[in-house]
Amino acid sequence: MTAIGTTKSAGNTLRDVLTRLQTEGAALGHFNVSDQVLLKALVAAAEETKLPVLVGASEGEREFFGARQLAAMVKSERQESDLPIFLNADHTHSLAKALEAAKAGFDAVTIDFSALPFEENVARTKEAVQAIKAVNPSILAEGEIGDIGTGSEIKEAAQGGRLSTPEEARQFVEATGIDNLAPAVGNMHGMLKSMVQGKARKHLDLERIAQIKQAAGVFLTLHGGSGTEDEHFRKAIAAGINIIHINTELRVAWRESLGESLARDPNEVVPYKILRPVVDAVKQVVSSRLRLFHGQTVNPEMVGSVA
Ligand SMILES: [Zn+2]
C-alpha cells in the first residue's frame, strides 16, 4: 500500500516536507474539504503560492465525499499539478475509520480519543497507531490531548478549556508512538460570531507551546486555527507548531460567496457558473493563510475578508 505522498521520489514525503518546513521556520497549512469545490480551491491556492498543502477531511466530510473517492482525487490532482499535496484523515474516532483511511491511501491520520480519560486515550491511540502503520509504515499518526471543543462552526460561546501540560504531552508521545501531537494551547474548534465579524481574535498560550514542544519532541499540530491573531500564528510556529488547521474560515467564505453568487442572477442554473466564484473566494482565504504560515507578507484586507 502506497500513500499518495509517497508515490513521488524520495525527499518529497509528508514527513520530509514537515522536516524541511521546520528548519525554514514555516508551518504546513491543513484545510478541510467537504466537496470538490473546496478541493479545487485548495489546489488552485497551492498552484498560486507554490506552497505545500495538507488536505483534511473529518469523518463527516469523508462520509459525504467518500474516503476512497477523495484519496483518488487528491492523488490525481497531485500527479497532474506535480505539487506537494497531501491528505489527512482528520478527527478519526475509531480503529475501523483509521484503518479505512490508511487502506484508502491517506498520508496521515488524526487519531482522536481525546474525549476519553487519559489512560484510555493512550491505549486506544496506541492500538490505532500500530494498526495503521501495519498497513503503511510511512503514514503519519497524530494523537490528541486536552479539550478544544468540537465542530468547525459558528458558536455563541467559547468551548474547551482544559489545556495540555508538557508532562502529559511527554507521557502520551512515549506511550503511543505517535509522530505528531495535537495539544490544547488556547486554540478552539469553530469561531465565535465576533471572530467572524473580525471584532475578536483567538490568542494562544505561546509559552505552553514551547514547553510542550520541548517535552514531546515530535511535530506539533494546531487545530482550530480559524480566527487566530496573525501575530500569534507567527509566534506559535516559532515556538514549535508544524501543522495548522483551518476549516471554519473556509466554510464561512464558501457560504457567503455561494449566497452572493446565487443572488447575483436568480435565473442562473448552470452549476459551474454559480460555483466558480465560490472556488475563487475560498482560494483567496487559503492562499493568504498559506503565505502567512510561510512568513510571507499578507494583505491584511484579504485575511479580514472572511468577515
Ligand atoms: Zn481539529
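Which one of Lys75, Lys97, Lys126, Lys103 is modelled with pLDDT of 95 or more, among the charged types (D, E, K, R) and surrounded by fewer than 18 Cβ atoms within 10 Å (Cβ to Cβ)? Even if it seems obvious, please write down each step before you answer.
Numbers: Lys75 fails: surrounded by fewer than 18 Cβ atoms within 10 Å (Cβ to Cβ); Lys97 fails: surrounded by fewer than 18 Cβ atoms within 10 Å (Cβ to Cβ); Lys126 fails: surrounded by fewer than 18 Cβ atoms within 10 Å (Cβ to Cβ).
Lys103 is the lone residue from the list that is modelled with pLDDT of 95 or more, among the charged types (D, E, K, R) and surrounded by fewer than 18 Cβ atoms within 10 Å (Cβ to Cβ).
Being under 16 Å from Leu250 (Cβ atoms) and either among the hydroxyl-bearing types (Ser, Thr, Tyr) or at pLDDT below 95 (or both) is the filter here; which residues of region 18-51 pass it?
The answer is Ser34, Thr49.
Looking at region 108-129 only, could you name the residues that are within 16 Å of the ligand (Cβ to nearest atom) and either out of contact with any strand residue (DSSP E or B) (no Cβ under 6 Å at 6 or more places or on another chain) or assigned to a strand (DSSP E or B) (or both)?
Across region 108-129, the qualifying residues are Ala108, Val109, Thr110, Ile111, Phe113, Ala115, Asn121.
How many of the residues making up region 84-107 are within 13 Å of the ligand (Cβ to nearest atom) and either part of a strand (DSSP E or B) or closer than 11 Å to Ala67 by Cβ (or both)?
Qualifying residue count for the region: 5.
How many residues, within region 54-83, are within 16 Å of the ligand (Cβ to nearest atom) and not small (Gly, Ala, Ser)? First the steps, then the outcome.
Taking region 54-83 first, the residues within 16 Å of the ligand (Cβ to nearest atom) are 54-62.
Imposing the further condition that a residue be not small (Gly, Ala, Ser) reduces the set to 54-55, 59, 61-62.
Looking only at that region, the number is 5.
Identify all residues within region 267-301 that are part of a loop (DSSP other than H, G, I, E, B), modelled with pLDDT under 95 and on the phi < 0 side of the Ramachandran plot; write none if there are none.
Gln296, Thr297, Val298, Asn299 - these are the residues of region 267-301 that are part of a loop (DSSP other than H, G, I, E, B), modelled with pLDDT under 95 and on the phi < 0 side of the Ramachandran plot.
Pull up region 229-255, narrow it to residues that are surrounded by fewer than 24 Cβ atoms within 10 Å (Cβ to Cβ) and not in a helix (DSSP H, G or I), then point me to the one that is nearest to the ligand (Cβ to nearest atom).
Here the answer is Asn242.
Every residue in region 187-203 that is assigned to a loop (DSSP other than H, G, I, E, B) and surrounded by fewer than 21 Cβ atoms within 10 Å (Cβ to Cβ), please.
Gln197, Gly198, Lys199, Ala200, Arg201, His203
Run Arg201 past the list (1) within 16 Å of the ligand (Cβ to nearest atom); (2) under 20 Å from the mean Cα position of the chain (by Cα) and report the number of the one that doesn't hold.
It is condition (1) that Arg201 fails.
For region 52-70, how many residues meet the condition of being buried (at least 21 other Cβ atoms within 10 Å of the Cβ) and either over 15 Å from the mean Cα position of the chain (by Cα) or not hydrophobic (A, V, I, L, M, F, W, C) (or both)?
7
Of the residues Ala210, Ala184, which single one is at negative phi and assigned to a loop (DSSP other than H, G, I, E, B)?
Numbers: Ala210 fails: assigned to a loop (DSSP other than H, G, I, E, B).
Of Ala210, Ala184, the one residue that is at negative phi and assigned to a loop (DSSP other than H, G, I, E, B) is Ala184.
Quick one: in region 147-198, which of the residues that are of a type in the set (Asp, Glu) and more than 13 Å from Glu249 (Cα to Cα) is nearest to the ligand (Cβ to nearest atom)?
Only one residue fits best here, namely Asp147.
If a residue has to be at pLDDT 95 or above and among the acidic types (Asp, Glu) to count, how many in region 250-266 make the cut?
Within region 250-266, residues that are at pLDDT 95 or above and among the acidic types (Asp, Glu) number 2.
Name the one entry in Pro117, Pro84 that is touching a helix residue (DSSP H, G or I) at 6+ places or on another chain (Cβ under 7 Å) and not small (Gly, Ala, Ser).
Sole residue among the options that is touching a helix residue (DSSP H, G or I) at 6+ places or on another chain (Cβ under 7 Å) and not small (Gly, Ala, Ser): Pro84.
The values are calculated or read from the model by the stated rules, or taken from the named source; none is laboratory data. Keep in mind it's a predicted model, so treat the numbers as computed, not measured. Neighbour counts run over all protein chains shown; Cβ positions are idealised from the backbone, glycine included.
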